[in-house]
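Q: Have a look at this one before I ask anything.
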Amino acid sequence: MRHRVVIVGSSVGGVRTARALRAEGFTGPITLVGEEPELPYDRPPLSKQVLTGAWPAERAGLLTAQAAADAGIELRLGVAARSLDTEARQVHLADGEVLPYDDLVIATGASARPSPWQPESGVYTLRTLSDCRTLKKCFADGASVVMIGGGFIGAEAAAAARSAGCDVTLVDAVAVPMERAAGPVVGALLADVQRRNGTRTRFGVGVRSVTGRAGDLVVTLNDASTVRAEAVVVGIGALPNDQWLRGSGLTIEDGVVCDAYLEAAGVTHVFAIGDVARWPHPELAAQVRSEHWTNAADQARCVARAIARPGAREPYQPSDYIWSDQYDWKLQLAGQRACAVAEWVVGALGAQRPQVAVLHGDAAGRLCAAVCLNWPKAFVQCRRLLDERAPVARARELLGGP
């Protein structure tokens, strides 16, 4: 029998794995399973270009039915995986079908963390194309919106709502929400761009309750103040889609625990990638789970090679690249800020549209991370220097910093 690969998860990780297998010369059957009925699509545009209307939803597509057929990729869409039998090497689907595999790739991603506030109606999350369509219509109707959570999804969704003309209040219990990802300097600038564009911010105060119904909601904050809204969008993180793997023999600890090659711990012929995978980060000396597009795409290539050419497999080396678009501002991050012992700020912070780079140096004096705002040219240079493990002094010299 021909070697068969089953991939569970039809977003970027799953699709990239299927395509990379073919690129690596794998000729066996590939089955791509997706819970959603839509053809595979990319998720980052859902909080950016698709939500604002700059792109039609079709432009976010990752794989057409014809392209799948041409590549010999069987699509099983609109059906979820329900359980895994690693001894028999079988995936059991919700419709009763059983898929045998020789190698399995788990790419089921993550789901939006459910809202702890549950009024009768009017509370939304943003993770799927269906969620995006619902919110896009809501924003087009000019609803007043409270966005709870000021991280990537919350900030981008708030920007999309304001761009559509909605009255928006952005709430987060943290004083500078984007500081968690971008640091205090760039985090403060990103908070300011929200205010410049007319979004009211309530940072440093949490949410006590959300009451009412769609069109007439009251958000009560922990300081007893209230904000009225017609819609509430909750963006407070994500949870890995690993529930279907309970009892499978895999080690599940906030995701599927993997080795350095992204093979699931304790079993063979099972790999995990993307938001659902927990793997040893070589720079951090710790198991991590990364919810970012580049990580899923890079891991897909790594696993495809391990399956197609086992003798050529290599440990996964993350690129640690993240980006965000908020209004006409672009945030780009690479490397690991957690490794830094010092930082330098370069650029024009006071400009109307500031161009800023924050360079982070580790204990050995090497550039270990860079955070760039509205400065793509500087970011390209920083990524090259990160790849070279160059001294941070070199980056400072190239960018004209102190």
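The values are calculated or read from the model by the stated rules, or taken from the named source; none is laboratory data. Keep in mind that what you see is a predicted model, and the values were worked out from it rather than measured. Using ideal geometry, Cβ is built from the backbone for each residue, glycine included, and neighbour counts are taken over all protein chains shown. Please note that ligands, DNA and RNA were not included when accessible areas were found on the heavy atoms of the full protein model with its side chains. Shrake-Rupley method; radii C 1.70, N 1.55, O 1.52, S 1.80 Å.
Q: Using modelled backbone amide H atoms (1.01 Å from N, in-plane), which distant-in-sequence or interchain residues come within less than 5 Å of Cys368's amide H?
A: Close amide H contacts, sequence-distant or interchain: His360, Gly361, Asp362.
Q: Please give me, ordered by residue number, the GluC sites (Glu not before Pro) of the range 10-102 that lie in loop per DSSP and have at most 10 other Cβ atoms within 10 Å.
A: Of the GluC sites (Glu not before Pro), the ones in loops of the range 10-102 whose Cβ has at most 10 other Cβ atoms within 10 Å are Glu87.
Q: Follow-up. For the chain, just give the cysteines left without a disulfide-compatible partner, judged by no other Cys Cβ under 4.7 Å.
A: Cys132, Cys138, Cys166, Cys258, Cys302, Cys372, Cys382
Q: Mind jotting down the distance between the C-alpha centroids of the range 362-402 and the range 314-357, whole Å?
A: With the range 314-357 and the range 362-402 each reduced to a Cα centre, they are spaced 10 Å.
Q: Another question, then. So for the chain, averaging the separation of alpha carbon pairs under 8 Å that are six or more residues apart and normalising by length, what relative contact order in percent results?
A: Here the relative contact order equals 14 percent.
Q: What is the pair-distance distribution P(r) of the chain, computed from all Cα-Cα distances in 10 Å bins starting at 0, with each bin given as a whole percent?
A: Computed distribution, short to long bins: 5, 21, 28, 26, 16, 4, 0.
Q: Roughly how many percent of the accessible protein surface of the chain is carbon and sulfur, given a 1.4 Å probe and a whole-percent answer?
A: With neighbouring chains kept in place, the figure for the chain is 50 percent.
Q: Helix-only mean residue ellipticity at 222 nm, the chain, DSSP H runs n ≥ 4 weighted -39,500 (n - 2.57), per residue, nearest 500. What is it?
A: Value at 222 nm, helices only: -7500 deg cm²/dmol.
Q: Keeping all protein chains in place and using 1.4 angstrom, which order do Ile30, Ile252 fall into by accessible surface area, from largest down?
A: Result, largest first: Ile252, Ile30.
Q: What is the packing order of peptides 158-170, 137-149, taking the mean over residues of other C-beta atoms within 10 Å and listing the highest first? Show your work: numbers first, answer last.
A: On the way: 158-170: 23.2, 137-149: 20.6.
The densest-packed peptide leads the list: 158-170, 137-149.
Q: Then there's this: Out of Phe203, Pro280, Ala260, whose Cα points farthest toward the positive end of the dipole of the range 192-282 (charges: +1 Lys, Arg; -1 Asp, Glu; placed on Cβ)?
A: Phe203
Q: Next question, about the same structure. Go through the range 146-157 residue by residue and turn each phi into a ³J(HN,Hα) via Karplus (6.51, -1.76, 1.60, θ = phi - 60°); whole Hz please, and just put x for glycine and proline.
A: Once θ is set to phi - 60°, the couplings for the range 146-157 become 10, 9, 9, x, x, x, 4, 5, x, 5, 5, 5 Hz.
Q: Continuing with the same structure: Can you list the lysines whose alpha carbon is less than 27 Å from that of Lys136, not counting same-chain residues fewer than 8 positions off?
A: Correct list for Lys136: Lys48, Lys330.
Q: Further question on the same structure: How large is ³J(HN,Hα), in whole Hz, for each residue of the range 362-375 in order, when computed from phi with the Karplus curve 6.51 cos²θ - 1.76 cosθ + 1.60 and θ = phi - 60°, using x for Gly and Pro?
A: Once θ is set to phi - 60°, the couplings for the range 362-375 become 8, 5, 8, x, 8, 5, 10, 6, 9, 10, 10, 10, 6, 9 Hz.
Q: Stokes-Einstein diffusion coefficient for the range 255-354 at 4 °C in a medium of 1.567 mPa s, Rh from the Kirkwood formula over Cα pairs: what value in µm²/s?
A: 84 µm²/s
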